[in-house]
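The values are calculated or read from the model by the stated rules, or taken from the named source; none is laboratory data. All of these numbers come straight from a predicted model, not from anything done at the bench. Because the Cβ atoms are built from the backbone with ideal geometry, glycine has one as well, and the counts that use them run over all protein chains shown. Just so you know, the surface numbers come from the protein's heavy atoms only, side chains and all, with ligands and any DNA or RNA stripped out. Shrake-Rupley method; radii C 1.70, N 1.55, O 1.52, S 1.80 Å.
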Amino acid sequence: MVALDLDRTLIYSRTAIDRSGGDPTAQGAVDPADLRCVEELDGAEQSFMTVGAIGHLLDLRERATVVPTTTRTPAQFERVRVPGGPTRYAVTSNGGRLLVDGVDDQDWHRSVRTVLAERSAPLDEVVAELDTRLGGWTRSRRIADDLFCYLVVDLATMPDDFLPHWSAWCGAHGWAVSRQGRKVYALPVGLTKDAAVTEVLRRTGATRLLAAGDGSLDAGMLSLAAAAIRPPHGELAESDWRRPHVAVATAAGIRAGEEMLGWLLARLDPDVVPTS
Ligand SMILES: [Mg+2]
């Protein structure tokens, strides 16, 4: 089974595509003709994969159960046209929802709610506290799937002490903070991708997990896997997060997406010698 984070791992927005600094000869530079749109929002192209990445993903799907594993809500996830068509399983809302053939599994969701109620302060209390900390640097404050909340911020003007102070408050209330680009998430500590991935392993009977992800919210899932890979961009790269069984891709930006899928493909069969 292969668990794949979506944003900045499998799919890339325009700002996340190119990490070459505009130099077309630099590693990571991307020819627009090599891009395919996999998400539109209000008629505008939103997210992309390379042709090579799509080929690798289709090969992976022939040989393994591929599980998109995202912090996106079900509605945000459903905008993504996963190459090869909808998957049997998908984890959304950072593990709060398990979609089975596109249908939200209510048993799973109830069990998650029970765990959260035991371990974390209620969402209302966290949002009320967060609202006392907003400023001109806050673009918007959103609630996702009635499970967690996040800010869209202006990084240039966000006060330096906001993240450490907010992380400390959340930590004392059973919540955790993750920043991904301009989004600052706060999530209950029991709301994890790895818990939902473990449930999919149980249901499918799969015995070996491979994974890829770029954010701190992916760390548990990468740790759970027998072998995993992360890109050299993103939150885990910023903190230089490493584990002996977690490789780091060479290319950054959307080229890392293609490289990571090829890497995973080479590890589906332990007898196959990886080529990259
Ligand atoms: Mg990501």
If we keep just the residues of the stretch 30-69 that are of a type in the set (Ser, Thr, Tyr) and either touching a helix residue (DSSP H, G or I) at 6+ places or on another chain (Cβ under 6 Å) or assigned to a helix (DSSP H, G or I) (or both), which is nearest to residue 147 (Cα to Cα)?
69
Could you tell me which of the residues 169, 137 is touching a Pro at 6+ places or on another chain (Cβ under 9 Å) and more than 19 Å from residue 96 (Cα to Cα)?
137
Determine whether the stretch 134-154 contains at least one residue that is surrounded by fewer than 16 Cβ atoms within 10 Å (Cβ to Cβ), more than 21 Å from residue 6 (Cα to Cα), among the hydrophobic types (A, V, I, L, M, F, W, C) and outside the structural domain of residue 73 (by TED's automatic domain parsing).
yes
Would you confirm whether any residue within the stretch 244-254 is under 16 Å from the mean Cα position of the chain (by Cα), at pLDDT below 95 and closer than 30 Å to residue 146 by Cα?
no
Taking the stretch 213-225 only, how many residues are open to solvent by 10 Å² or more (accessible area, probe 1.4 Å) and within 14 Å of the ligand (Cβ to nearest atom)?
4
Check the stretch 199-212 and report whether any residue there is within 11 Å of the ligand (Cβ to nearest atom) and either at pLDDT 95 or above or under 22 Å from residue 88 (Cβ atoms) (or both).
yes
Take the residues in the stretch 158-198 that are part of a helix (DSSP H, G or I) and of a type in the set (Gly, Ala, Ser), then tell me which one is farthest from the ligand (Cβ to nearest atom).
172
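Considering 172, 168, which residue is of a type in the set (Gly, Ala, Ser) and either open to solvent by 70 Å² or more (accessible area, probe 1.4 Å) or farther than 25 Å from residue 214 by Cβ (or both)? Don't jump to the end; show me each part of the working.
On the way: 168 fails: either open to solvent by 70 Å² or more (accessible area, probe 1.4 Å) or farther than 25 Å from residue 214 by Cβ (or both).
Sole residue among the options that is of a type in the set (Gly, Ala, Ser) and either open to solvent by 70 Å² or more (accessible area, probe 1.4 Å) or farther than 25 Å from residue 214 by Cβ (or both): 172.
Residues checked against (1) in contact with a Cys (Cβ under 9 Å, 6 or more places away or on another chain); (2) outside any helix (DSSP H, G or I); (3) within 16 Å of the ligand (Cβ to nearest atom):
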site	(1), (2), (3)
229	no, yes, yes
233	no, yes, yes
250	no, yes, no
259	no, no, yes
Go through the residues of the stretch 115-129 one by one and say whether even a single one is out of contact with any helix residue (DSSP H, G or I) (no Cβ under 7 Å at 6 or more places or on another chain), within 30 Å of residue 203 (Cβ to Cβ) and assigned to a loop (DSSP other than H, G, I, E, B).
yes
On the given criteria, is residue 238 within 30 Å of residue 127 (Cβ to Cβ), more than 16 Å from the ligand (Cβ to nearest atom), out of contact with any Pro (no Cβ under 9 Å at 6 or more places or on another chain) and charged (D, E, K, R)?
no
Residue hits (the stretch 73-99; open to solvent by 30 Å² or more (accessible area, probe 1.4 Å) and either in contact (Cβ under 8 Å) with a residue 40 or more places away in the chain or outside any loop (DSSP other than H, G, I, E, B) (or both)) are 75, 76, 78, 79, 81, 97
